[in-house]
Amino acid sequence: MLSIIIKSYPRVIPLMISILVIVACQNLSIASALTNTPSRWNSVSPSRQNSWLSLSKTPKILSSDETADATLPLMQLASAHITPQVLRCLVELGIPDIIGNDNMTIDEIVNEMSVGDHDPIHNCRIEKDALLRIMRLSATIGITIEELVSREHSRSDEQVNAYGLTPMGALLQTKQVTGQLSLASCVQHWTEAPLWNSWLHLPDYIIGEGVTDQPHLPFDRANGMSSDEYYGHDKGSLKIANEFVRTISDGEISAIVEGFEWRTLSGKTIVDVGGHNGIVIGAVAHKYPNIECICLDLPEVVASAAKPPPGVKLVGGDIMDPTSVPKCDAIFMKHILDKSMWDEEESVALLRSCHVALPRDGKVILGEAVLPNVGTEGGSMQLFMDVQFLLVGREGQRTESEWTDLARKAGFKIESINRTSSASCYIIVLTKAEA
């Protein structure tokens, strides 16, 4: 059974491999890759739909202007599934790698697809018209720049379409570039059949249909097994998913280092709770060597952990026992207070233990997902991610107000909630509330 656990502490609860995944359209799918998908999940009962309609309230009537204003935006939303599938096509064909830093025509791309050094496509008749149409759309969605150019072998008055990568397109390259992010694995993971097809089963999941004798979660319904089981036996999908998780994790580490004024802790001590061998806090220690960095995890985890990064000391202990927490000025935790790890009472107890372990002016620094409060702007990416969790039954994320309430229950107050470069990892700073 496969489990992806961002932090090893405080207890091993499987976090499904599709953590932090977002798909642009919920209700459209590609054909299922598996043959054991139960047929009973493939449609919504017309009689059930009719019963809902008969109980509906008076419909909202739009003016002609309102109808005109809403039609095109709604059609664009309904066709949003096209975008991720075009991205998948580009990545699967290796087109971003083929173009690289060049500006290439369709014929030049086709030639590279046939004889290039990337994984040439042999003995295939490439549909150039289909490729052209995909490339034109790639320009529309900001992946490429499209222009008309002349080539030496063309007639003097003939110009042809040529394409170069935008910064977004460059992030779809799979070739390793030192220090440069690749999101190709994200596109592949998000658009694979097991996750993509799961959206079809969200309506039945919401009303609880079939909970007594069939898999309940949307992913289970679509694939006939849990996500743990699926990725445990499909090594190709597992490879892509692991690459995706590494990409997200690396991005979060960078966001944590840059998203907080760590220099304010110079000459002080910080304890990273549940940091395994200290990779995250090690990145802080590397940039701020004047901070004493300790990684606290369960004794059995520390005993089997790899050698910590320079500047990090591993210590065995239990955050629920404040006497086992080394003396420190701040406690850091990344995704430890996720709802999939603890219920609300346990989360409060954990923070209260931090409260006891810290001095009066101590701080708790959290790296966590934060949803926007109702009525506030922004945070759409976080809301997409939160809905994605439904596919594998993972608990939803907290809003800013819920984080404030959790802190209050444990004797803390929110000093700041800061966005970072990672949509899945805000920096939340807690200080002790006045007695």
Here the residues within region 221-251 that are under 20 Å from the mean Cα position of the chain (by Cα) and acidic (Asp, Glu) are ASP228, GLU243, ASP250
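Inspect region 362-369 for any residue being open to solvent by 20 Å² or more (accessible area, probe 1.4 Å) and either modelled with pLDDT of 95 or more or not hydroxyl-bearing (Ser, Thr, Tyr) (or both) and give the result as yes or no. Working first, answer last.
Within region 362-369, the first condition is being open to solvent by 20 Å² or more (accessible area, probe 1.4 Å), and the residues that meet it are 363.
Add one more test, that the residue is either modelled with pLDDT of 95 or more or not hydroxyl-bearing (Ser, Thr, Tyr) (or both), and what stays is 363.
There is at least one residue in region 362-369 that is open to solvent by 20 Å² or more (accessible area, probe 1.4 Å) and either modelled with pLDDT of 95 or more or not hydroxyl-bearing (Ser, Thr, Tyr) (or both).
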(1) out of contact with any helix residue (DSSP H, G or I) (no Cβ under 8 Å at 6 or more places or on another chain); (2) surrounded by 19 or more Cβ atoms within 10 Å (Cβ to Cβ): which one isn't true of SER422, the others all being true? (1)
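Of all residues in region 203-215, count the ones that are surrounded by fewer than 17 Cβ atoms within 10 Å (Cβ to Cβ) and at pLDDT 85 or above.
Filtering region 203-215 for residues surrounded by fewer than 17 Cβ atoms within 10 Å (Cβ to Cβ) gives 203, 206-208, 210-214.
Add one more test, that the residue is at pLDDT 85 or above, and what stays is 203, 206-207.
Count: 3.
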I need a count of the residues in region 404-419 that are part of a helix (DSSP H, G or I), farther than 14 Å from PRO372 by Cβ and open to solvent by 40 Å² or more (accessible area, probe 1.4 Å). 3
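Scan region 123-146 residue by residue and report those that are of a type in the set (A, V, I, L, M), more than 13 Å from LEU93 (Cα to Cα), assigned to a helix (DSSP H, G or I) and more than 26 Å from the chain's Cα centre (by Cα). Even if it seems obvious, please write down each step before you answer.
Here is the first cut: in region 123-146, the ones of a type in the set (A, V, I, L, M) are 126, 130-132, 134-135, 137, 139, 141, 143, 145.
Keeping just the survivors that are more than 13 Å from LEU93 (Cα to Cα) gives 132, 137, 139, 141, 143, 145.
Those left that are additionally assigned to a helix (DSSP H, G or I): 132, 137, 139.
Within region 123-146, LEU132 is the sole residue that qualifies.
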Somewhere in region 183-192, is a residue surrounded by fewer than 17 Cβ atoms within 10 Å (Cβ to Cβ) and closer than 18 Å to LEU93 by Cα? no
Which of (1) crowded, with 17+ Cβ neighbours inside 10 Å; (2) modelled with pLDDT of 55 or more; (3) out of contact with any His (no Cβ under 9 Å at 6 or more places or on another chain); (4) among the aliphatic types (A, V, I, L, M) does ILE98 not meet, given it meets every other one? (3)
Please work out which one of (1) touching an Asp or Glu at 6+ places or on another chain (Cβ under 8 Å); (2) of a type outside the set (A, V, I, L, M, F, W, C); (3) more than 22 Å from THR431 (Cβ to Cβ) is the condition LYS334 fails and give its number. (3)
Taking the criterion of being small (Gly, Ala, Ser), under 35 Å from the mean Cα position of the chain (by Cα) and either surrounded by fewer than 11 Cβ atoms within 10 Å (Cβ to Cβ) or modelled with pLDDT of 90 or more (or both), would at least one residue in region 80-87 satisfy it? yes
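How many residues are in contact with a Phe, Trp or Tyr (Cβ under 8 Å, 6 or more places away or on another chain) and in a strand (DSSP E or B) when one looks only at region 420-429? Step through it out loud before you land on a result.
Looking only at region 420-429, we keep the residues that are in contact with a Phe, Trp or Tyr (Cβ under 8 Å, 6 or more places away or on another chain), and these are 420, 427-429.
If we keep only those that are in a strand (DSSP E or B) as well, we get 427-429.
Here the count works out to 3.
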Cβ pairs under 6 Å, 6+ apart or interchain, first in region 94-108 and under 12 Å from THR174 (Cβ atoms), second of a type in the set (Asp, Glu), ordered by first then second residue, are ILE98/GLU112
Within region 386-403, can you find the residues that are in a helix (DSSP H, G or I) and surrounded by fewer than 16 Cβ atoms within 10 Å (Cβ to Cβ)? VAL387, SER401
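The values are calculated or read from the model by the stated rules, or taken from the named source; none is laboratory data. These numbers were taken from a predicted model, which means no experiment stands behind them. Note: ideal-geometry Cβ built from the backbone for every residue, glycine included; neighbour counts use all protein chains shown. The protein model used for the area step is the full one, side chains on, heavy atoms only, and it has no ligands, DNA or RNA in it. Shrake-Rupley method; radii C 1.70, N 1.55, O 1.52, S 1.80 Å.
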